[in-house]
Amino acid sequence: MTPVILLAAEKKSAEVTDWAARLGWLVGLALFVALVYWLMREGWKWRGTLQSDLPELPGAPEAPGPVKLSMTGRYHGSTTAGQWLDRIVAHGLGTRSRVELTLTDAGLDVVRPGATDFFVPAEALREALLGKGIAGKVLTEGGLLVVTWAHGDKLIDSGFRSDRAAEHNEWVDVINSMINKKTETEGAR
């Protein structure tokens, strides 16, 4: 055999002899990742504490009236109105979940399996529009139904995405017409 072939045949990888150092690095990395997750969780809890002045969320009335619109989809979160990155986490408003929305003359019923349900009374509705992002969720232009509502002394934007995005335009039109009717009747008094 030629010397080149002999060298290639005898070549093999070096054995790992320092297992303690490798295990030490792995344990250190695992502890670092655990620390980062713990800090993120503490930050979430601290944000909830800072927003503790937000009143309890209203529940749905016993007889809300006939259904104007309903849809299923995703609830992507709530933010301070106009500040799409200032997530509100108090009372479970920061929890993403599936959602069933129902609009009646009484208001907007938000049913979230596995999360806190809430109700937005019709008099608290301020605006509905099509957006593209809210609190860490960015979609295509018009891919998000954003409903602005008053809760206590705070205006809140809540973002929803229907399973059928074509429904969003109808929701915007109906909610905004409800708001306009309400302001017209208040102005006539």
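The values are calculated or read from the model by the stated rules, or taken from the named source; none is laboratory data. Keep in mind that this is a model prediction, so the values were computed, not measured. Counting neighbours? That spans all protein chains shown, and the Cβs are built from the backbone with ideal geometry, glycine included. For accessibility, only protein heavy atoms count, side chains too; no ligands or nucleic acids. Shrake-Rupley method; radii C 1.70, N 1.55, O 1.52, S 1.80 Å.
Name the residues in segment 112-135 that are open to solvent by 60 Å² or more (accessible area, probe 1.4 Å) and either hydroxyl-bearing (Ser, Thr, Tyr) or assigned to a loop (DSSP other than H, G, I, E, B) (or both), would you? Hits for segment 112-135 are Pro113, Gly114, Thr116, Asp117, Lys132.
For Ala90, state whether it is buried (at least 17 other Cβ atoms within 10 Å of the Cβ), out of contact with any strand residue (DSSP E or B) (no Cβ under 7 Å at 6 or more places or on another chain) and among the aliphatic types (A, V, I, L, M). Yes: the conditions hold for Ala90.
Considering each residue of segment 136-145, count those that are open to solvent by less than 10 Å² (accessible area, probe 1.4 Å) and in a strand (DSSP E or B), and give that number.
At the first step, the residues of segment 136-145 found to be open to solvent by less than 10 Å² (accessible area, probe 1.4 Å) are 143-145.
Add one more test, that the residue is in a strand (DSSP E or B), and what stays is 144-145.
Going through segment 136-145 one residue at a time, the tally reaches 2.
For Asp109, the criteria (1) over 25 Å from Val67 (Cα atoms); (2) open to solvent by 10 Å² or more (accessible area, probe 1.4 Å) hold in every case but one, which is (1). If you go through segment 152-180 and keep only what is assigned to a strand (DSSP E or B) and open to solvent by less than 40 Å² (accessible area, probe 1.4 Å), you end up with Ile156, Asp157, Ser158, Gly159, Phe160, Ser162.
Please specify each residue of segment 65-85 satisfying the condition of being within 11 Å of the chain's Cα centre (by Cα) and surrounded by fewer than 19 Cβ atoms within 10 Å (Cβ to Cβ). Of everything in segment 65-85, those that are within 11 Å of the chain's Cα centre (by Cα) and surrounded by fewer than 19 Cβ atoms within 10 Å (Cβ to Cβ) turn out to be Arg74, Leu85. The set of residues from segment 129-158 being over 26 Å from Pro58 (Cβ atoms) and among the hydrophobic types (A, V, I, L, M, F, W, C) comprises Val138, Leu139.
Here is the figure for segment 44-53: residues that are touching a residue at least 24 places away in the same chain (Cβ under 8 Å) and closer than 18 Å to Ala135 by Cα total 4.
Give segment 19-63 a look and list any residue that's in a loop (DSSP other than H, G, I, E, B), open to solvent by 60 Å² or more (accessible area, probe 1.4 Å) and at pLDDT below 80, or say none. Once the filter is applied, which keeps residues that are in a loop (DSSP other than H, G, I, E, B), open to solvent by 60 Å² or more (accessible area, probe 1.4 Å) and at pLDDT below 80, segment 19-63 yields Ser52, Asp53. Of the candidates Leu103, Leu125, Leu130, the single residue that is in contact with a Leu (Cβ under 8 Å, 6 or more places away or on another chain) and closer than 10 Å to Trp149 by Cβ is Leu125. Here Glu127 passes the criteria (1) without any contact (Cβ under 8 Å) to a residue 60 or more places away in the chain; (2) closer than 18 Å to Asp163 by Cα except the one numbered (2).
Give me the residue from segment 116-153 that is of a type in the set (S, T, N, Q) and closer than 22 Å to Ser70 by Cβ and, out of that set, modelled with the lowest pLDDT. Looking at the filtered set, the residue picked out is Thr116.
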